[in-house]
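Worksheet for the structure shown next.
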Amino acid sequence: MSDSVPVPPSGKSLSRRATIMIELPPPPVSAVLIVLNGERLLDRVLSALSFCSEILILDSGSTDHTLEIAGRHRVRVEHQAFLGYGAQKCRAVELAKHDWVLVIDDDEVLDYEAAFAIQSLDYSDPTRAWRIRRRNYVGEREIRFGQWSPDYTLRLFNRATAQFNLHAVHESVETSGEVLTLPGALHHYSYTDLADVMTRAAIYSRAKATRYRFEGRRTWPGQLLLRALWGFVRSYILKLGFRDGTAGLVVALSVAVDSVLGLAIAEEQDESAKP
């Protein structure tokens, strides 16, 4: 994989570079977001996407200030009861005005380098897709090591040639064409604090348990122990998570939990279902 897009000219001031972005024509791209009560970061998220030809929010019943915030931006809002993460994102992509879509979560802020690159891309080949580095934070602190780094995610693609894999726990995009890497990053502020890291690991494990039961996967306690140990060692030692201090330790523990809890829940549900 290689970068194939320009970066902003060096030596320019931030204000001058921002002026260059404004002078560029908007790309034929719809930025799409699925949102439920996303007021915490939505203003920052939408401001960073203002260069797109369209911003589409698919709301699933927000009761906070989400719609009020959206009203302050150039945003089209549609409504859909929640279908599940992958299915909801598929619906948002279907509703977009343009075939080229940039899929963003409501806790991800696109940085300037990535925005400039997206404005400068050649969109003549619909089989191409672009991934971007996601920089993960707990609160305002970036997690630079461990299992979360590096984290690349495919987010810019043509809906005629790529689609979501709805069978994955964490929905992902599948494409048969070339995948390139954008410069810049998505700044991902999903976790409010260290406790939230563990809470979300438990939430994702329930979704994994459903998939494991469907696949008929089975486990035993010794296997769970080995998986947990390997997850912790991989994140904390091999991927240098210890360099993030206490946060790195908690992330490694969450990786260990994520490695085994879904399987354990699936096993427990199987036992409960027996006559």
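The values are calculated or read from the model by the stated rules, or taken from the named source; none is laboratory data. The shown structure was predicted, so the numbers you read here are calculated from the model rather than taken from an experiment. Counting neighbours? That spans all protein chains shown, and the Cβs are built from the backbone with ideal geometry, glycine included.
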- Item | Members of the range 54-81 found to be farther than 19 Å from Pro28 by Cα, out of contact with any Phe, Trp or Tyr (no Cβ under 7 Å at 6 or more places or on another chain) and in a loop (DSSP other than H, G, I, E, B), listed by number | Gly61, Ser62, Thr63, Asp64, His65, Arg72, Gln80, Ala81
- Message: Can you say whether Lys97 is of a type outside the set (Gly, Ala, Ser) and under 15 Å from the mean Cα position of the chain (by Cα), as far as the supplied structure shows?
- Response: no
- Before we move on, is Thr161 surrounded by fewer than 19 Cβ atoms within 10 Å (Cβ to Cβ) and not assigned by TED's automatic domain parsing to the domain that holds Leu49? no
- Query: Taking interchain pairs and intrachain pairs at least six residues apart, which have beta carbon atoms under 9 angstrom, with the first residue in the range 216-236 and not assigned by TED's automatic domain parsing to the domain that holds Ala266 and assigned to a loop (DSSP other than H, G, I, E, B) and the second surrounded by 12 or more Cβ atoms within 10 Å (Cβ to Cβ) and modelled with pLDDT of 90 or more?
  - Reply: none
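Residues are listed down the side, and each one gets a yes or a no for (1) surrounded by fewer than 18 Cβ atoms within 10 Å (Cβ to Cβ); (2) among the basic types (Lys, Arg); (3) over 29 Å from Ala129 (Cβ atoms):
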position	(1), (2), (3)
Val173	no, no, no
Gly177	yes, no, no
Lys208	no, yes, no
Arg227	yes, yes, yes
Ile237	yes, no, yes
Phe242	yes, no, yes
Thr246	yes, no, yes
Leu249	yes, no, yes
